[in-house]
1. Determine the shape class of the stretch 6-73: with a ≥ b ≥ c the square roots of the Cα gyration tensor eigenvalues, call it rounded for a/c under 1.5, and otherwise prolate if a/b is greater than b/c, oblate otherwise.
2. Taking a threshold of 32 Å on the Cα-Cα distance, which of the pairs LYS141/LYS165; LYS141/LYS177; LYS19/LYS104 fall above it?
3. Listed highest first by mean packing, meaning other Cβ atoms within 10 Å per residue, what order do 132-144, 116-128 come in?
4. Write down the percent of antiparallel bridges among all DSSP beta bridges whose residues are both part of the stretch 4-231, to the nearest 5.
5. Taking Cα pairs under 8 Å and at least six residues apart, what relative contact order does the stretch 10-145 come out at, in percent?
6. With the cut-off at 21 Å, tell me which of the pairs LYS43/LYS66; LYS59/LYS204; LYS125/LYS167 have Cα atoms farther apart than that.
7. Among the lysines, select those whose C-alpha is under 17 Å from the C-alpha of LYS144, and discard any that sit fewer than 8 residues away in the same chain.
8. So how strong a dipole does the stretch 1-133 carry about its Cα centre when Lys and Arg Cβ are +1 and Asp and Glu Cβ are -1, to the nearest 20 debye?
Amino acid sequence: MSKTLIFTATYNEKENIKKLINDINEINKDIDILVIDDNSPDKTWEVLQQLEKNLSNLKVIVRDGKSGLDTAHKLAYQYAKNNNYTNFVSMDADLSHDPSEIPKIINLLDEFPFVIGSRYSLGGKCEMSGFRLLLSVLGNKVFKHFLRINCNEFTSSFRGFNLVKLKDFNFNLINSKGYSFFMETIYRINKLNYEIKEIPITFKNRAQGKSKIPKIEIFRTLKNLFILYFEN
């Protein structure tokens with residue numbers, strides 16, 4: 001029987017994390033949850049550790065400080081492999097991703113090695129607005145054009161990996177840091193000739209807390225895009 005690990009990384013998500021974990025646990029699936037917290041100043045880790053005492057399927061790792069999304073995903077992916085999970089599903093902790101979409105991802109992982117929840121495929125929706133929405137839409141179109149990959153979504157972290165099927169892939173292949181990490185993951189999976197399955201999702205605006213995307217990330221991502229473009 002296949003085992004699934006749901007992973008999210010937290011940094012100052014005290015107002016959101018309990019609801020997220022409760023919503024995940026309402027799914028009628030055999031799943032475990034891993035949360036990696038980077039010693040959140042708002043003490044998200046305290047909420048997590050209290051939940052961990054009462055939930056047998058929750059594992060919490062608290063790191064010493066803010067070490068980045070890329071390293072958190074690498075640690076979680078290796079944890080999933082070391083503990084013999086078949087499926088690894090990642091998502092945001094700010095409730096922008098709806099846990100009710102998780103069963104669709106898990107079911108498709110029986111057939112596909114990689115599944116991504118897409119705001120920009122047919123049927124997908126994105127509740128962002130203004131400059132943030134414009135940047136996201138244009139950015140994903142630029143990635144698709146320059147990387148020449150038939151995928152409409154490169155930056156969402158709502159994705160599923162079949163660890164058995166993806167035997168040649170590992171996050172250690174990815175050199176990009178920050179949010180470029182998500183773009184390069186798509187690039188590496190495509191380069192290894194694994195099929196990418198997009199499913200439409202609704203991306204919601206966070207109701208609590210603040211976005212943590214630094215403005216410099218735009219320039220860092222463009223730099224990493226051109227590194228990958230010339231690698232092609």
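1. Prolate shape, in that a/c is at least 1.5 and a/b is the bigger ratio.
2. none
3. Final packing ranking: 116-128, 132-144.
4. In the stretch 4-231, approximately 25 percent of DSSP beta bridges are antiparallel ones.
5. 23 percent
6. LYS59/LYS204; LYS125/LYS167
7. Cα-Cα hits under 17 Å: LYS191, LYS197, LYS223.
8. 160 debye
Read the figures in this text as sums done on the coordinates, not as results from a lab. Since we're looking at a predicted model, the values are computed, not measured. Backbone-built Cβ (ideal geometry, glycine too); neighbour counts: all protein chains shown.
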